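Quick notes on the structure that follows.
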Amino acid sequence: MQFILDMHCHTLASSHAQSTLEENLVRAKEIGLKLVGISEHGPAMPDGCPLYHFKNMLKLPHTINGMPWLKGVEANIINKRGGLDIPANLLNALDYVIASIHTGVFNPGNAEANTNAIIGAMENPHVNIIGHLGDHNVPINVEPIVAAAKTTKTLIEINNSSLIPGTRRYDGGITIKEILAHCKKHNVAVIVGSDAHKARDVGRFKHAKALIKKSGIDSTLIVNTDIHHFINLL
């Protein structure tokens, strides 16, 4: 499987990341990606971006130095109803929206409460992707989330960064394995994201690819291989 897009990348606009937009795009072009997405953290995160950043980003061209890119956001899920920290009019103006739980913003509850928050975010018509499930700090019930993804046509992200041993979300890949098994069973599409916070990590999918291969999920359910399929899903 050749992955040609990466929709989960950050720049130094999210102040804990280390590379510029142009550095990310240069890296993406060097490794043969055909499309890259920039999804900075929303303002509820202490080192996220203010709302005006996303408004200014909308003024930039969609191709820079020959590399096409999309303008997105990694919005924070901020309450148990699945509310986000980005207003609807701005979500609508962006090319795509990832919604994620970050423990510095959202106080995790039990698996049922966390699951309800994620499903609530999925039911937001502006949300395209649910980010980095599989955080050992945020227990979830996988089956109802996969069912909701199918109903709402939301992509579930297989986050490569979360699968790196020693990282703060790492749970040994247990939850992602379960997600892939249910997505395989119910024919639900997923998207792999690098969650790159520096340019050299753009398009790095090593750990996610290994788990996907072991899962036996049909390649047609991995949207990173087909730009037109991804755009149609948006």
Cβ charges +1 (Lys, Arg) and -1 (Asp, Glu), total dipole of the stretch 39-115, debye: 200
Net charge over other residues, Cβ less than 12 angstrom from the Cβ of Glu123 (K, R count +1; D, E count -1): +2
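Convex hull volume of the Cα atoms in the stretch 1-128, per residue, in Å³?
Convex hull of Cα atoms, per residue: 112 Å³.
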Total charge dipole magnitude, the chain, about the Cα centre, Cβ charges on Lys, Arg, Asp, Glu only, Debye to nearest 20: 380
Solvent exposure, largest accessible area first (probe 1.4 Å, DNA, RNA and ligands not counted), of Tyr96, Tyr52, Tyr170: Tyr52, Tyr170, Tyr96
Span from the the stretch 155-234 Cα centroid across to the the stretch 36-79 one, whole angstrom: 21
Semi-axis lengths, Å, the chain, gyration tensor of Cα atoms, sqrt of 5 times eigenvalues: 24, 21, 17
Partners for Lys59 among lysines (Cα-Cα distance below 16 Å; same-chain residues under 8 apart left out): Lys71
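The values are calculated or read from the model by the stated rules, or taken from the named source; none is laboratory data. Predicted model only: the values in this text are computed from it and were never measured. Positions of Cβ are backbone-derived with ideal geometry, glycine not excepted, and every protein chain shown enters the neighbour counts. Please note that ligands, DNA and RNA were not included when accessible areas were found on the heavy atoms of the full protein model with its side chains. Shrake-Rupley method; radii C 1.70, N 1.55, O 1.52, S 1.80 Å.
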